[in-house]
Amino acid sequence: MRHSSRLERLPPYLFAELERKVAAKKAAGVDVISLGIGDPDTPTPELVVDAAREAVADPGTHRYPSNRGRAELREAVAQFYERRFGVSLDSETEIVPALGAKECVFNLNLAFLDPGDAALAADPGYPVYTGGPLLAGGEAVLMPLLPERGFAPDLEAIAPADRERARLMYLNYPNNPTGAVVPDGLFERAVGFAAEHDVLVVHDASYTEVAFDGYVPPSFLETPGAKDVGVEVFSLSKGYNITGWRTAAIVGNAEAVESYWRLKTNIDSGMFEGVQLAAAAALERGDAVPRDMSAVYQRRRDLVCEALSQVGVDVTPPKATVYVWAPVPEGHTSASYCELVLEESGVVLSPGGAYGPNGEGFFRISLTVPDERLTEAMERLRSSLAG
């Protein structure tokens, strides 16, 4: 059986590979602690579950949904953005639900890229920023995120030819995998760049609701002129503990949102309305949930960073996200170190090189495991690093 050439262009998907390795180790009887995938370990809040239970029992939610989304969810998103970010959104034209940020980011490539076009993608970055353009017949042009620049892309360094063929720019702050927060002036520079070169900025806002030490992450749409050139993909997955529910929304530029919606009408039949009503409840009544979860992740961040520092790892505690980004020990590549830790300690780490060439030399730790298992993982990791 012959599959498409576009599939050949894709590297193995990072998280699928991690799941495969974990399964193999467990089958061999190893007590594996996976710090590789950012999937919250605490349950979905009761208020969300209760809203879903009520909605599922309502026959009115059992038929095909609209790709536009229920008015209740779109209005809840609009009210949330006004309350949280001071951003005004038209619930009729500037908001459409998405089946998680991953689906939305990928489909934007299909909506905006033709063969020969390019997407400017953060490096290191979420793998869909680079895989999506390939599957759409385009190309990803990498924007290096370097520690000395605060993990901000240098927009001035983008080659003239790449500026001309770029149609999308992917930004993500707070950032996965580095944990960096948006550097001063970056959003403003991105708006100017996009306006000059007719590029749609896509800001992946998957981590704006998980932050520490008093830091309050902004929305890209707070930036003057942002709605003229960009959209934001807001995900409820991490802040509200509903990764498995696949719940997000694309918001911002009305023309771009409309294009996404037009594509979606030919690809899927929308989000189950019971999930939409549960998501609306989270946004309307769940403001305490992200604050509570941020406190949990801050405690775990401190535990991890202290353990790494004790064995000489020069790690900077992140101000946001559910990840710690740290350099590998001297003499190792990202892959070789993560393989060593898995073999010696039964701990799964994400190799930085899997997020792009500029992730090489780092590894990522997810904080989404219970405190006691995280503590045990750090003990195992410290033994490995000390040895």
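The values are calculated or read from the model by the stated rules, or taken from the named source; none is laboratory data. The shown structure was predicted, so the numbers you read here are calculated from the model rather than taken from an experiment. Every residue, glycine among them, receives a Cβ derived from its backbone with ideal geometry; neighbour counts consider all protein chains shown. Just the protein is used for accessible areas: all its heavy atoms, side chains included, with ligands, DNA and RNA removed. Shrake-Rupley method; radii C 1.70, N 1.55, O 1.52, S 1.80 Å.
For the reader, a short list of remarks on this structure follows.
- Cβ-based net charge around Leu186, under 13 Å, with every Lys or Arg adding one and every Asp or Glu removing one: -3
- Reducing the stretch 72-103 and the stretch 27-46 to their Cα centroids gives an inter-centroid distance of 30 Å.
- If R0 is taken as 41 Å, the Cβ-Cβ distance between Arg83 and Gln310 corresponds to a FRET efficiency of 0.50.
- Cα→Cβ-extended label distance, 7 Å offset, between Glu196 and Asp41, nm: 4.7 nm
- Pairwise FRET efficiency - Asp31 versus Glu156, Cβ, R0 = 56 Å, nearest 0.05: 0.70
- Beta bridges per DSSP with both ends in the chain, % antiparallel, nearest 5: 45 percent
- For the stretch 11-145: rounded, prolate or oblate by the Cα gyration tensor [a/c cutoff 1.5]: oblate
- GNM top mover of Tyr337, Tyr323, Tyr215 - the chain, alpha-carbon springs below 10 Å: Tyr215
- Theoretical gain in end-to-end length, Arg6 to Ala57 [0.36 nm per residue, Cα-Cα removed]: 14.1 nm
- Taking a ≥ b ≥ c as the square roots of the Cα gyration tensor eigenvalues, the stretch 190-271 comes out oblate, since a/c reaches at least 1.5 and a/b does not exceed b/c.
- Electrostatic bookkeeping for Leu146 treats Lys and Arg as +1 and Asp and Glu as -1; over the other residues with beta carbon under 15 Å from its beta carbon, the sum is -4.
- For the chain, a Gaussian network of Cα nodes joined below 10 Å ranks Ile37, Ile158, Ile250 by mean-square fluctuation, and the top entry is Ile158.
- Phi-based couplings in Hz for the stretch 287-296 (Karplus 6.51, -1.76, 1.60; Gly and Pro marked x): 4, 6, 4, x, 5, 5, 5, 4, 5, 5
- The dipole here belongs to the stretch 81-215: it is taken about the Cα centre, uses +1 on the Cβ of Lys and Arg and -1 on the Cβ of Asp and Glu, and is about 240 debye.
- Listed residue pairs exceeding 27 Å between alpha carbons, taken from Lys25/Lys319; Lys227/Lys264; Lys102/Lys319; Lys21/Lys264: Lys25/Lys319; Lys21/Lys264
- With kT/(6 pi eta Rh) evaluated at 10 °C and eta = 1.306 mPa s, and Rh the Kirkwood radius from Cα pairs, the stretch 236-277 diffuses with a coefficient of 135 µm²/s according to Stokes-Einstein.
- Rounded if a/c under 1.5, otherwise prolate or oblate - the stretch 320-377, Cα gyration tensor axes: oblate
- Nonlocal amide H pairs with Leu120, under 5 Å, H built at 1.01 Å: Val141, Arg167, Leu168, Met169, Tyr170
- Alpha-carbon centroids, the stretch 243-288 and the stretch 344-377: separation in whole Å: 30 Å
- Percentage relative contact order, the stretch 1-142, counting C-alpha pairs under 8 Å, at least six apart: 19 percent
- Expressed as a whole percent, the accessible surface of the stretch 217-340 that belongs to carbon and sulfur atoms is 49, based on a 1.4 Å probe.
- Spacing of the two label points (7 Å from each Cα toward its C-beta) at Glu164 and Glu372, in nm: 6.3 nm
- Radius 9 Å from Cβ of Val199, net charge of other residues (Lys, Arg +1; Asp, Glu -1): 0
- Extending 7 Å from Cα along the Cβ direction at Ala335 and again at Ala23 yields two label points whose distance is 2.1 nm.
- Between Pro160, Pro174, Pro327, the Gaussian network model of the chain with springs among Cα atoms under 10 angstrom shows the greatest mean-square fluctuation at Pro160.
- For the chain, the 222 nm mean residue ellipticity estimated from helices alone, with every DSSP H stretch of n ≥ 4 adding -39500 (n - 2.57) and the total spread over all residues, rounds to -13000 deg cm²/dmol.
- Computed as a quarter of the hull surface, the mean projected area of the alpha carbon convex hull for the chain stands at 19.8 nm².
- Remark: the chain carries 42 Å² of accessible area per residue (probe radius 1.4 Å; ligands, DNA and RNA excluded).
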